[in-house]
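See structure below.
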């Protein structure tokens with residue numbers, strides 16, 4: 001399967017957890033904290049392209065930050081992202097021989113529509129963990145959100161064929177949350193795109 005065929009196959013696989021509308025029966029998006037894990041680094045690296053020299057399937061990550069109550073976009077929110085490479089390795093850690101590296105890490109300031117868009121690669125899996133992304137979001141007047149986001153299982157399987165892996169799937173990952181799945185599709189230019197919304201709760205600073 002070549003890259004074009006791979007991306008076309010992704011177009012059929014979507015998840016209901018992404019870009020959720022605001023109504024009486026649904027939330028505005030992902031709002032539950034999950035562990036940051038051991039691989040967070042405070043790099044202060046504002047950049048949209050976090051790929052550096054990492055090879056893999058190009059992924060355009062489009063995240064929208066919204067108010068958990070009103071579903072209105074939050075301009076100026078800081079969105080940090082970090083994740084493993086295609087081999088399941090993180091940059092910046094001596095235990096993995098990457099202590100001087102910064103790839104697949106970065107941050108952006110959400111625009112007036114609450115959106116932050118990163119160019120990266122689809123993450124690989126590693127023992128015990130399905131492909132996932134770590135996200136930290138902060139904004140004035142809101143509680144910080146630190147969470148992990150996931151991909152539809154069918155998309156992971158297709159990427160696994162490309163990466164030659166697949167030892168851990170969503171069902172066998174103890175951290176996996178279906179509500180934290182992103183939507184994955186192919187855009188008109190043939191790029192692999194993942195979208196999702198991140199909902200922040202007010203910190204109550206304006207109460208009383």
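In summary, region 3-200 shows an alpha-carbon radius of gyration equal to 0.96 times the 2.2 N^0.38 Å reference for compact globular proteins. The value of relative contact order for region 3-200, using C-alpha pairs under 8 Å at least six residues apart, is 33 percent. Placing a label point 7 Å from the Cα of residue 70 along the Cα-to-Cβ direction, none of the residues of region 130-145 has a backbone N under 12 Å of that point. Summarising the label geometry, the points placed 7 Å from Cα in the beta-carbon direction at residue 52 and residue 187 lie 2.4 nm from one another. For the peptides 38-46, 85-93, 151-159, the ranking by packing is 151-159, 85-93, 38-46, with the highest mean count of neighbouring Cβ atoms within 10 Å listed first.
Here region 66-85 is scanned for amide nitrogen atoms under 14 Å from the site 7 Å beyond the Cα of residue 36 along Cα-to-Cβ, giving 79-83. Please report the antiparallel percentage of DSSP beta bridges with both residues in region 3-200, rounded to the nearest 5. Here the antiparallel bridges make up roughly 70 percent for region 3-200.
A short reminder: the numbers here are calculations on the coordinates, not readings from a lab. On a predicted model such as this, the values are computed, not experimentally measured, just so you know. Cβ atoms come from the backbone with ideal geometry, glycine included; neighbour counts cover every protein chain shown.
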